[in-house]
Amino acid sequence: MIHPTAIIDKSASIEDGVSIGPYSIIGADVKIAAGTNIGPHVVINGPTTVGKNNRIFQFASIGEVPQDKKYAGESTRLEIGDNNVIREYCTISRGTIQDQGVTRIGDHNWIMAYVHIAHDCQIGNHTIFANAATLAGHVTIEDYVILGGFTLVHQFCKVGLHCFTGMNSVISQDVPPYLMIAGHMAKPYGINVEGLKRRGFTGETLSGLKKAYKIIYRSGNSLERAIAELTELGKQHQDVNYLVDFIKNSTRGILR
C-alpha cells in the first residue's frame, strides 16, 4: 500500500490500510489513520494528524509551516478529521502560538483544487470549498457551509452554518448563519432556502428564518433593535436563537 519511492520519516505513525502514492513525503510527527489514501507527490509535514478514510490527491501540501512573519519555529499542529476529500494543489498550514496553536478540519468536507486554508483556521463538518477558495488566518467556517469558487475570506472572519457564497465573493466581516451572499465586497441575498430544504428544514422553520432575515436586512432596524426583535421571534422558532447568539458574539461585526 506504500509505494517504494515514497519517503516516510521514522517518527511518522502510519496505520494499517493507509495507501501512499509515488514520490510522496511524510514528515516527522505525522499520524495517518486507517483507510486514508495519499496520492502521488503529496507532502505532509508535522505535527499533523490525519484521520480515517480521507483521500488526498496529488501535489497537495499539508501541514506546512504557517505563512506568518511572526512564526519562529514553534511547535504547532494541524488536525484533520475523517472522510474528507482534499483535491490537487491544496495548501493547508499549521497553527500559530498567537492563536490556539492548531488548524482544524472536521469530518466529511469536500475541498476542491487550489484551495488555501491558512494557519489557525477552524473548519467544521460537511462543508464544500469550490476551486481556489482562500481562507486567511484565524478564519472559522461552521458546518454545511458552501464556498463558491475563488471566494476570499479575510482573517478572523466567521462564516455561520448553512451559508452559501457565490463565486468571487470577498468576505471582510462575519456572515450570519443561513445566508446566501455574493459580490466584491460581498452582500446578503436572502436565506439559503434550497440548501436548507435539502438538509431537512421544515417549511415552518424556513418561514421563521425568512422573517429573521427581514428584521436584520429589510426593516431599517438598528442592530440593537434587530436583536431585540429576533429574540422575541426565537421564542417561536428555535433556529433563530442560534442566529441571535452568532450576532451577539461577532467580533468583526456582521455583513450587512
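Throughout, read-outs are computed from the coordinates displayed, never taken from laboratory work. Just so you know, these numbers come straight off a predicted model, no measurement behind them. Backbone-built Cβ (ideal geometry, glycine too); neighbour counts: all protein chains shown.
Tabulated data for the structure shown
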quantity	calculated
Loop-located trypsin sites (Lys or Arg not before Pro) in the range 127-230 whose Cβ has at most 16 other Cβ within 10 Å (DSSP)	ARG199, ARG218
Interatomic Cα distance distribution for the chain, bins of 10 angstrom, percent	8, 30, 30, 19, 10, 3, 0
Model label zone, VAL65; criterion: amide N under 20 Å from point 7 Å along Cα-to-beta-carbon; scope the range 100-119	100-104, 117-119
Furthest towards positive pole of dipole, LEU196, HIS116, ASN45, structure part the chain, Cβ charges	LEU196
Exceeding the 19 Å Cα-Cα cut-off - candidates LYS210/LYS235; LYS187/LYS214; LYS10/LYS52; LYS158/LYS248; LYS70/LYS158; LYS158/LYS197	LYS10/LYS52; LYS70/LYS158; LYS158/LYS197
Full-stretch length increase - LEU223, TYR189 - with 0.36 nm per residue and alpha-carbon distance subtracted	10.4 nm
Proximal charge balance of ALA136 [Cβ under 11 Å; K/R count +1, D/E count -1]	-2
Share antiparallel - DSSP beta bridges, the chain, percent rounded to 5	5
Contact order normalised by residue count of the range 196-249, Cα under 8 Å, 6+ apart, percent	32
Vicinal HN-Hα couplings computed from phi for the range 115-120 (Karplus, 6.51 cos²θ - 1.76 cosθ + 1.60; Hz; Gly/Pro x)	5, 10, 10, 7, 4, 6
The range 196-249: Rg to Rh, with Rh as the Kirkwood radius over Cα pairs	0.97
